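The block underneath contains the structure these notes are about, expressed in structure tokens.
Just so you know, all these numbers are worked out from the coordinates, no wet-lab data involved. Predicted model, so just to flag it, every value in this text is computed and none were measured. Note that we place each Cβ from the backbone using ideal geometry, even for glycine, and neighbour counts take in every protein chain shown.
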Amino acid sequence: MNNSPYLRQAASVQSVMLRVLLALLPGIAAYVWFFGAAIVLQIVLASLTALAAEALVLHLRGKPLAIFLTDGSALVTAWLIALSFPPLAPWWLVVLATLIAIIVAKHLYGGLGQNPFNPAMVAFALMIVAYPQFMSRWPGTDAIDFATQWQIIFGLHANQTLDALTMATPLDALRTALHSTNATTVTVASALAHNPAIGLMAGRGWEWVAAGHLVGGLWLVQQRIITWHLPTAFLATLFLLAGLASTINPSEFAGPLFHLFGGGAMLAAFFIVTDPVSAATTPYGKLIFAAGVALLTWIIRSFGAYPDGIAFAVLLMNIAVPLIDMATQPRVFGHKKNGSNHHG
Amino acid sequence: MLAALLVMALGAVVLGAVLGFAAVKFRVEGDPLTEKIDAILPQTQCGQCGFPGCKPYAAAMAKGEADINQCPPGGDEGIRKLADLLGREYKPLSAEHGVEKPKALAVIDEQRCIGCTLCIQACPVDAIVGAAKQMHTVIAVQCTGCELCVPVCPVDCIDMVPVAENITTWKWKYPVVAIKPVTTH
Amino acid sequence: MQLFDFNGGVTPDYHKEASTQSPIAVSPAPTFLVIPLHQSIGGTPRPLVSAGDRVLKGQRIGAADGDMSSAIHASTSGHVVAVEMRRMPHPSGLSALCVVIKADGRDEWIARQSFDYRSHTAAETRDYLRDAGVVGLGGAVFPTHLKMSPGKGDKLDTLIINGAECEPFITCDDLLMRERAEAIIQGVVILRDLLAAGRVLVGIEDNKPQAVAAMTAAVQAGGHQDMAVVAVPTRYPAGGAKQLIRVLTGIEVPHGKRSTDYGVQCFNVGTAHAIHEAINLGQPLISRIVTVAGNVAAPRNYEVLLGTSMEALLTQSQPLPDTDRLIMGGPMMGVSLPSKDVPVVKATNCILAGSKKLFPPPPPEMPCIRCGECATACPADLQPFELYWFSRAKIFGKAQEYHLFDCIECGCCSYVCPSHIPLVDYYRFAKSEIWANESEKAAADQAREQYEFRQLREAREAQEKAARLAARTAAGRAAATNALAVASDATSDATPAAAPVAKSATTPATEPAQTPSPQAALIAAALERARAQQVQPANTTNLTPEQQAEIAAIEARRAQIRAQAHPHLPPDD
Ligand code: SF4
Ligand code: SF4
Ligand code: SF4
Ligand code: SF4
């Protein structure tokens, strides 16, 4: 028989994870609207892989399947992988990434609640290093029909026409333009002006996907699944850095809205840096952690070799989490100063 | 060149002198390692480790002459702490030195006690009071449960009584982690 | 009035209405009362009665053991049947010493006399309250007299009276305030005077409007300008002493510090009532109000004599058939009792009947996902998941560094945890392990000291003995030399009587046979002394052969044991 408290709030890991999945739906809807249903296919692929891998590992580790398989955490990882990967990536890429995320990044570190690194980001980082050519298969703005997308994903499409169907993301496009041979004459404005992928603020379509994630994320904050600290610190830092840089040198650096609504910034702000297991946990720690991710993201985006640096930024900051948490222990009731020091 | 060498040599001499002086001046009394080890030992003073008391065993461990798994009253936890402190590999309690037992206290059957004072001499912590040819009794709070008094009693009137749990010494148990469904037969 | 806020807290369903529908009922005196001697924090009182004694209602039957303790009284008149170990209302199910009284039904009081605290010193008043057995009735049962020193400057800024009663189901303070507000205020007046308090704030959660009204009326009726009844927002654990102090004054009293040092002190309304009864009516603490609620048909508050069996009390509220456990206290901090057959004690503010439906067993525990819900809910601003991690891994030192002992075990963290981790169980475990370790450490330190002292003493004794021996030997040598001189005189007289002795004592020597060596003389002298010292024990004469044989056997065993015990020492004494 259990001890007090005998009353409990009706909360569970499952309900937390389910609500995270729900919050991803607006972004997914926008995705499908602009880029076709390929993303749904990828989500299904990733989900099935994740559940199978989870079941296998749980079985091997002798853990009860019924409880852990239904906790929803594997699904969240799977959806995040699918959403951060190019939807036209070959099927095996997503499957491989999901396997790595679940088996290596999650379970080899001890399973639910134990992983120091964000599993989805581990998978993303590994894939972009290993298969950069497949990680750029983003769909073009003129939506291709699902049959074609299906064929591309399963490798049934004639390769020569592939380049015509895929297209770089806005971030990618900007990077390529700025780093091209006649880079001296190209400015951010000129690069973006002639690009069909650019919409109101950032990439056409992409900005709406980002808006969808923003809506879902705000709902999560309202549901108290996540606190305001992480997304706010992330977005504010990214905004400030990009704003500052683009004010100083508008021809070299893209503006803040471009950074926030292009690429995976919104997804990261509300769904990736907010992964409770691998993020900092104290209020100040969360601010520092998210600001750090934003800083690294901006640096990698602006100076690095990869178009979007979120995955690397998150992983780098994951390493610093124990230190951040230790240094930012909140003040305990009645105590004067912060910190985890012994008191007399 | 020569000047540099001289300066270096001079520096070395001065530093050496300072260090030597400091070593003499600030010498720590006793061996701190022995003290640290002794602080872990349970102070039962039973001698089961093969030494005449906890301190000698501690000293032997500090010198590396004794193993860390010889103290039965300290038990597994004690060995782990010693392993931690000394940076040695944990090993289970050596069987030849005894087994870990729940703590017990000596109780003298006062009817049978003949007042021989042998137990008083045996008790390492003066936990027994009594005078020659008088009834003896054990001061419970001082008894470490070392059992040294038991064999010396000529009339076998000393019993080791396990310490019963009471409301003040009762401890909350480690919460059972019920993640894995218990397999029942 | 400005109110402050504490962080965290939760708002569970309160379930308070059911037991506030009817007034406090008087639970009838049972035939047998089992009164535990240890009912408060501190030392166990010494029993003052033994089986067969007649006792009166209110008679002291257990005397406080030192100042950190509180007396115990007979709850009704009757005879002591036994002073024995009985099962306690404690999660361990262990027993403790109790005075068992068979009531005679006459309910005959001792001579009751009010205590004029104004004409006594503060120390005398404190002793009086200690001997009247007044302890904190909010559940912590800390002896009240120990909280009665004003602290710095001999006066207190704010006296806080805790009527918040934030735990679900419990309504004993609510009803007490509704029905006996005047008596409570009279107790508060005493507290205010003794502590020289500048102002008094009575904090009551705003879900108890009737209690607030009754208390306000009593304050106004008494014309107390320095008292205010304050409704505080309803949020568990607003009734925790530290939380209430914070809400009413903004002061945070750290763990382990005396609140008087911060200019505040906090007493429960029930305690104030008990103080009134003890001082103004001369009645020691022999009864209290207990809420019986939960899985019962007729939840209600009762005035219960301490020592009444919980089963008898529970029966009056008709527990429902699916009742599967008994909880003392509320659902957030209460403890499951091992049996119904335990007495109501001073700490019993509520008896909660539980069932699977009312308090469903927690869903399976999942790993911590570090969601931080617990930290948001913790009123002590701790990081419960860190404490959990260290307690679970038994890294107690770290747990202490993260302020484990600031945890008030309110249960908010377990309440919100989506992983259903019994967090508080881990803290209870860690705390009791740390306490046990500390007392073990203290015992070891004492043993070390004793052992070292003994070694010193033995060394000193050995030295003294050696000195004595040396002195004795010196004296013996002198005597022997004298004897030798005499002997040589005698030999010259050609009386060789001593010669064979001397011969046998010495080696066939080249020296003159008739001359005994000084050594031999010494040995002889020593033997003589030993013979003289050997006293025949009086009880060894006129023994039967069997007895003699037994003694011989014992002697033999002794010799053997001595040889084993002191292989390097000669048999002594
Ligand atoms: S075995 Fe006995 S004497 Fe030796 S260290 Fe342990 S308690 Fe001390
Ligand atoms: S009384 Fe006996 S068991 Fe206790 S410490 Fe002394 S010798 Fe050891
Ligand atoms: S509420 Fe539970 S799961 Fe969340 S951080 Fe606290 S202990 Fe971990
Ligand atoms: S039980 Fe302790 S750790 Fe948990 S919420 Fe209450 S004070 Fe905080």
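If the only charges are +1 at each Lys and Arg Cβ and -1 at each Asp and Glu Cβ, what is the size of the charge dipole of the range C:249-374 around the Cα centre, to the nearest 20 debye?
In debye, rounded to 20, the range C:249-374 gives about 40.
I'd like to know which of A:Gly110, A:Ile39, A:Phe85 lies farthest towards the positive end of the charge dipole of the range A:13-167, counting +1 on Cβ of Lys and Arg and -1 on Cβ of Asp and Glu.
Looking along the dipole axis, the top candidate is A:Gly110.
Can you order the peptides C:144-157, C:435-448 by their average number of other Cβ atoms within 10 Å per residue, highest first?
The densest-packed peptide leads the list: C:144-157, C:435-448.
Which ordering of C:Ser339, C:Ser77 is given by a fewest-first count of other beta-carbon atoms within 10 Å?
Ranked by crowding around the Cβ, least crowded first: C:Ser339, C:Ser77.
Give the cross-link partners of C:Lys155 among the aspartates and glutamates, using a straight C-alpha distance below 15 Å as the criterion and excluding same-chain residues fewer than 8 apart.
C:Asp193, C:Asp226, C:Asp261
From largest to smallest, what semi-axes in whole angstrom does the range B:75-121 give when each is the square root of 5 times an eigenvalue of its alpha carbon gyration tensor?
37, 11, 10
Over the range A:34-103, how many percent of alpha carbon pairs lie in each 10 Å bin up to the one with the longest distance?
Histogramming the range A:34-103 at 10 Å steps yields 23, 50, 21, 5, 0 percent.
Just want the ordering: C:Arg454, C:Arg106, from fewest to most Cβ atoms lying within 10 Å of their own Cβ.
Neighbour counts put them in this order, fewest first: C:Arg106, C:Arg454.
What percent does the relative contact order of the range C:72-176 come to when contacts are Cα pairs within less than 8 Å and at least six residues apart?
18 percent
Ordered by packing density, taken as the mean number of other Cβ atoms within 10 Å over each peptide's residues, highest first, how do A:15-23, B:37-45 rank?
Output ranking for A:15-23, B:37-45: B:37-45, A:15-23.
With a 10 Å radius around each residue's Cβ, average the other Cβ atoms per peptide and rank A:34-45, B:94-105, highest first.
A:34-45, B:94-105
What list of ³J(HN,Hα) values in whole Hz, one per residue of the range A:46-59 in order, does the Karplus curve 6.51 cos²θ - 1.76 cosθ + 1.60 (θ = phi - 60°) give from phi, with Gly and Pro shown as x?
My calculation for the range A:46-59 gives 5, 5, 4, 4, 4, 5, 5, 5, 4, 4, 4, 5, 4, 4 Hz in order.
Quick one, can you get me the convex hull of the C-alpha atoms of the range C:367-465 expressed as volume per residue in Å³?
Taking only Cα atoms, the range C:367-465 has a hull volume of 90 Å³ per residue.
Under a Cβ-only charge scheme (Lys and Arg +1, Asp and Glu -1), can you give me the dipole magnitude of the range C:102-154 about the Cα centre, in debye to the nearest 20?
Taking the Cα centre of the range C:102-154 as origin, the dipole is about 200 debye.
Which whole-Hz ³J(HN,Hα) couplings does the range C:265-280 yield from phi under the Karplus relation 6.51 cos²θ - 1.76 cosθ + 1.60, θ = phi - 60°, glycine and proline marked x?
8, 10, 10, 6, 4, x, 5, 4, 5, 5, 5, 4, 5, 5, 7, 7
For the residues B:Met135, C:Met366, what sequence is obtained by ranking on other C-beta atoms within 10 Å, fewest first?
B:Met135, C:Met366
Evaluate E = 1/(1 + (r/R0)^6) for C:Lys257 and C:Asp154, where r is the Cβ-Cβ distance and R0 equals 22 Å; express this FRET efficiency to the nearest 0.05.
Working from the Cβ atoms, E equals 0.70.
How crowded by other chains is B:160-170, given as the mean number of beta carbons from other chains within 10 Å of each beta carbon?
4
Note down the Stokes-Einstein diffusion coefficient of the range A:13-167 in µm²/s, whole number, using a Kirkwood radius over alpha carbon pairs, 10 °C, and 1.306 mPa s.
The estimated diffusion coefficient comes to 100 µm²/s.
Around C:Cys350, which amide H atoms from residues at least 5 apart in sequence, or from another chain, sit under 5 Å from its own amide H, with H modelled in the peptide plane?
Those lying under 5 Å, H to H, from C:Cys350 are C:Thr291, C:Gly329.
Beyond a 21 Å Cα-Cα separation, which of these cross-linked pairs lie in this structure: B:Lys171/C:Lys394; B:Lys81/C:Lys394; C:Lys346/C:Lys441?
From the list (B:Lys171/C:Lys394; B:Lys81/C:Lys394; C:Lys346/C:Lys441), the Cα-Cα distance tops 21 Å for C:Lys346/C:Lys441.
About its Cα centre, how strong a charge dipole does the range C:141-227 have in debye, to the nearest 20, once Lys and Arg get +1 and Asp and Glu get -1 at the Cβ?
In debye, rounded to 20, the range C:141-227 gives about 280.
Please compute the average number of Cβ atoms from other chains found within 10 Å of each residue's Cβ in peptide C:419-428.
For peptide C:419-428, the averaged partner shielding equals 5.
Across the residues of C:434-447, average count of Cβ atoms on other protein chains within 10 Å?
If you average over the peptide's residues, the count of other-chain Cβ atoms is 4.
Using only C-alpha positions, report the orientation-averaged shadow area of the convex hull of the range A:201-329, nm², one decimal.
Its Cα hull, projected and averaged over all orientations, spans 7.6 nm².
Just need the Rg to Rh number for the range B:104-162, please, alpha carbons only, Kirkwood Rh.
0.90
At a Cα cut-off below 16 Å, give the lysines reachable from C:Lys242, other chains included and same-chain residues fewer than 8 away excluded.
Correct list for C:Lys242: A:Lys336, C:Lys147, C:Lys257.
For the range C:290-295, just list the computed ³J(HN,Hα) in residue order, Karplus coefficients 6.51, -1.76 and 1.60, θ = phi - 60°, integers in Hz, with x standing in for Gly and Pro.
Ordered by residue, 3J(HN,Hα) equals 10, 7, 10, 8, x, 7 Hz.
What number does the range B:32-97 give for Rg over Rh if you use C-alpha atoms and the Kirkwood radius?
Expressed as Rg/Rh, it is 0.90.
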